[in-house]
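Down below is the structure, laid out as structure tokens.
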Amino acid sequence: MRINPPLAEVLVGLTRQGRAQLDYLALLVVQAVVLFLWWPKNGVAQMLESQHGPDTLVAVVIAVGATTAYHALRAGAEEFVLPGQHGLRDWALATPLRMGRILRGYALGQIAQSLHWLVLSSPLVLVAFTVSGGEWPALAWCIAAALVQALFYRLSGAVTHLLIGQHRAECHFIVRTILVVVYLPVGWLVPFASHVALTSRALGEGVQTQPSFAGVPDPWAFVALYTGLSVILLFVLLLLLMRGRRGMAGPGGGASEAVMS
């Protein structure tokens, strides 16, 4: 079976140097600064006397979640693409691929990119884990939550790009507004939707979230919520792309016969 073409483009693009890698390098610097700022400044004896470990791991994982969400949002809005990668609209309008296959490859490509980003961030996370301690399952849940969250923001950026991508300044502004409005206030008002609250509860002694609805544990509630929202956004993308493809094939539209290699 041939690999999904949009996914294949991502896998190839991840092996090449380009702006996407340079932009994430800048975010790695941000994560490293967070690690430095939350590095325990007191000695081990004082740490033991306080009877709780440092919040280094919590801070770093929160930083990883926020930076991957931001990077995914920008990628969805096509502020940058991987070397050799085509945009979502190009796949829909210039190829005969089924729309479901395009969107499936697009979503899998984002998951592959997120895993790549997490691999790049893993040395910082492991150093913080060594300092702060903790449980591996809790850390795994926080990383999985960051992956699902990044997919949601990638699809949000893609919807924004398809709707107003021709207005670059407005698209640039709305993409950042989505991150600020959704990531901070909504997460504060709805704790089980906040990666910050989830990470603090799972790995530290900081913010405590309210019990999840219907007795569902917080990680499950978070993953289920963002998975459901991602499915909704995929449906919205399907409608937008199908409308665009019908417009290209309509009277006077002149459907494109170009097929990307």
Quiz prompt | Single condition SER122 does not satisfy, out of (1) part of a helix (DSSP H, G or I); (2) among the polar types (S, T, N, Q); (3) under 29 Å from PRO6 (Cβ atoms); (4) over 17 Å from the mean Cα position of the chain (by Cα) | solution = (4)
Quiz item: Does ALA144 meet the test of being part of a helix (DSSP H, G or I), in contact with a helix residue (DSSP H, G or I) (Cβ under 6 Å, 6 or more places away or on another chain) and not charged (D, E, K, R)?
Solution: no
Quiz item: In this structure, does THR130 turn out to be more than 27 Å from GLY187 (Cβ to Cβ) and free of Cβ contacts under 8 Å to residues at least 60 places away in the same chain?
Solution: yes
Quiz item: Restricting the search to region 9-24, which residues are surrounded by 15 or more Cβ atoms within 10 Å (Cβ to Cβ) and either more than 17 Å from the chain's Cα centre (by Cα) or touching a residue at least 60 places away in the same chain (Cβ under 8 Å) (or both)?
Solution: GLU9, VAL10, LEU11, GLY13, LEU14, GLY18, ALA20, TYR24
Exercise. Give region 156-169 a look and list any residue that's surrounded by 13 or more Cβ atoms within 10 Å (Cβ to Cβ) and modelled with pLDDT of 90 or more, or say none.
Key: SER156, GLY157, ALA158, VAL159, THR160, HIS161, LEU162, LEU163, ILE164
Quiz item: Quick one: which of TYR183, TYR153 is crowded, with 20+ Cβ neighbours inside 10 Å, under 12 Å from the mean Cα position of the chain (by Cα) and at pLDDT below 95?
Solution: TYR183
Quiz item: Any chance region 197-204 includes a residue that's outside any helix (DSSP H, G or I), buried (at least 19 other Cβ atoms within 10 Å of the Cβ) and either hydrophobic (A, V, I, L, M, F, W, C) or in contact with an Asp or Glu (Cβ under 9 Å, 6 or more places away or on another chain) (or both)?
Solution: yes
Quiz prompt | Contacts under 9 angstrom Cβ, first residue in region 82-105 being over 16 Å from LEU11 (Cα atoms), partner of a type in the set (Ser, Thr, Tyr) and exposed (fewer than 15 other Cβ atoms within 10 Å of the Cβ), 6 or more apart | solution = LEU93/SER256; ALA94/SER256; THR95/SER256
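The values are calculated or read from the model by the stated rules, or taken from the named source; none is laboratory data. Predicted, not measured: the structure shown is a model, and the values here were computed from it. Please note: Cβ atoms are built from the backbone with ideal geometry, for glycine as well, and neighbour counts cover all protein chains shown.
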